[in-house]
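Please read the structure below before turning to the comments.
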Amino acid sequence: MKTNTATLIVNEGKTFIYLIPIIFCSIASLISFVFFWPLGIVLAVISIILSLAETGLELDQQTMKYRSFKSLLGYMWGTWKKIPQPESFHLRLSVESESYRDYTFGASTNYYGGSTATSKSITYDVLVQTQSEKWITLYEFLSYKKALVVIRALEEMKTFEVTDHIALKLQENQARRARRSI
């Protein structure tokens, strides 16, 4: 995390956003070493550089512009977006589940069943609600601590209402547990 008077930069670190190109370059590098070793070295270097890519959020607190950036070897890029008439900022937990089914067919046309796999994705979303009641997702963090850095920086501005829904839910659950133990 780096901050100056106007810009807040929260670097989430290596999230392997280029995982598929890394795998492809690594496999191509191994194959190329056999046939043409200079190309294999170049592809190996490319896969190493891609594995160093980092992501994060940059927020200009004076102009209320933000960008989700990608960083490679110290160079950051991403499209700046303006937050139109912000009213309040929120931190929420987002859980998404996807089920995958493997269909198995036998000799006949009847379905014989299949196995399922479930994938769950948990993110900590920093959202802004505009005066026109529109919700904008600034960033989906993988770490609660990183998302709190943004929320605390927005609280320090004392210009907008800031709500940490995760902390509120934890307090509510603790109060409920305390009432049960009495």
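The values are calculated or read from the model by the stated rules, or taken from the named source; none is laboratory data. This is a predicted model, so every value here is computed, not measured. Virtual Cβ from ideal backbone geometry, glycine too; neighbours counted across all protein chains shown. SASA here: full protein model, heavy atoms, side chains in, ligands and nucleic acids out. Shrake-Rupley method; radii C 1.70, N 1.55, O 1.52, S 1.80 Å.
Listing for the model above:
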{"read-out": "Listed values (1) 1.43; (2) 1.00; (3) 1.87, entry calculated as Cα Rg over 2.2 N^0.38 Å", "value": "(1)"}
{"read-out": "Full-stretch length increase - Asp60, Met157 - with 0.36 nm per residue and alpha-carbon distance subtracted", "value": "33.7 nm"}
{"read-out": "Ranked order, Ser181, Ser88 - accessible area, probe 1.4 Å, largest first", "value": "Ser181, Ser88"}
{"read-out": "Solvent-accessible area per residue, Å², over the chain with all protein chains present [probe radius 1.4 Å]", "value": "67 Å²"}
{"read-out": "Thr15 long-range amide H proximity, modeled H, under 5 Å", "value": "Thr55"}
{"read-out": "Cβ-based net charge around Asp164, under 11 Å, with every Lys or Arg adding one and every Asp or Glu removing one", "value": "+2"}
{"read-out": "Computed accessible area, Trp77, all protein chains, 1.4 angstrom probe, square angstrom", "value": "90 Å²"}
{"read-out": "Label-point separation, Gln171 to Leu52 (7 Å along Cα→Cβ), nm", "value": "4.4 nm"}
{"read-out": "The chain - percent of accessible surface contributed by carbon and sulfur, probe 1.4 Å", "value": "58 percent"}
{"read-out": "Accessible-area value, Ile48, 1.4 Å probe, nucleic acids and ligands omitted, Å²", "value": "100 Å²"}
{"read-out": "Segment Glu96-Ser143, length gained on full extension (0.36 nm per residue, minus Cα span)", "value": "15.4 nm"}
{"read-out": "Estimated Rh, the range 1-97: Kirkwood, alpha-carbon pairs, angstrom", "value": "16.0 Å"}
{"read-out": "For Thr116, solvent-accessible area (1.4 Å; no DNA, RNA or ligand), Å²", "value": "90 Å²"}
{"read-out": "Degrees, to the nearest 10: 165-181 long Cα axis against longest axis of the chain", "value": "70 degrees"}
{"read-out": "Integer Hz, Karplus 6.51/-1.76/1.60 couplings in order for the range 71-76, x for Gly and Pro", "value": "10, 9, 6, x, 9, 10"}
{"read-out": "Gyration tensor (Cα) of the range 1-56, equivalent ellipsoid semi-axes in angstrom", "value": "34, 10, 5"}
